[in-house]
Amino acid sequence: MYSTTLSKLESNFAAYQTDQSSEILINVDNTHIRAVFCGHWHGNGGGFYKDLEVVVTSAVGGQLRGDKSGFRVVKLGDNSIKHTYYAFEDAPKNISLD
């Protein structure tokens, strides 16, 4: 998984401009939001801004960095957020949501 911090964000085709990212993250940081999930980046990625986790799930096709097509399962507990990415070819037949 690609990981970065706000100070390392670069402006390129795959990311918001750094000043836009900074504003979004600062506004979200002032809430009780603990994670942001997004997708269609043609690769899995993410990182942290303070205690906020940003999780990017790959598009189903057209991977650019060797990630395999698949899906992410997100489990929300009373005080936890757990997520796992499964490549289609490696996905289990059953996934417990407990």
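No value in this document is a laboratory result; all are computed from the given coordinates. Fair warning: this is a prediction, and the values are worked out from it, not measured in the lab. Quick reminder, even Gly has a Cβ in these numbers, built from the backbone with ideal geometry, and neighbours come from all protein chains shown.
Annotation: amide H of Tyr49 within the under-5 Å range of Val54, sequence separation 5 or more or interchain, hydrogens built in the peptide plane. Note that region 80-89 has calculated 3J(HN,Hα) couplings of 8, 10, 10, 9, 9, 9, 10, 5, 3, 6 Hz, one per residue in order, obtained from phi through the Karplus relation 6.51 cos²θ - 1.76 cosθ + 1.60 (θ = phi - 60°); glycine and proline are x.
Here region 17-67 is treated with +1 on each Lys and Arg Cβ and -1 on each Asp and Glu Cβ, and its dipole about the Cα centre works out to around 140 debye. Ranked for footprinting exposure by Cβ neighbours inside 10 Å, fewest first, Lys75, Lys93 give Lys93, Lys75.
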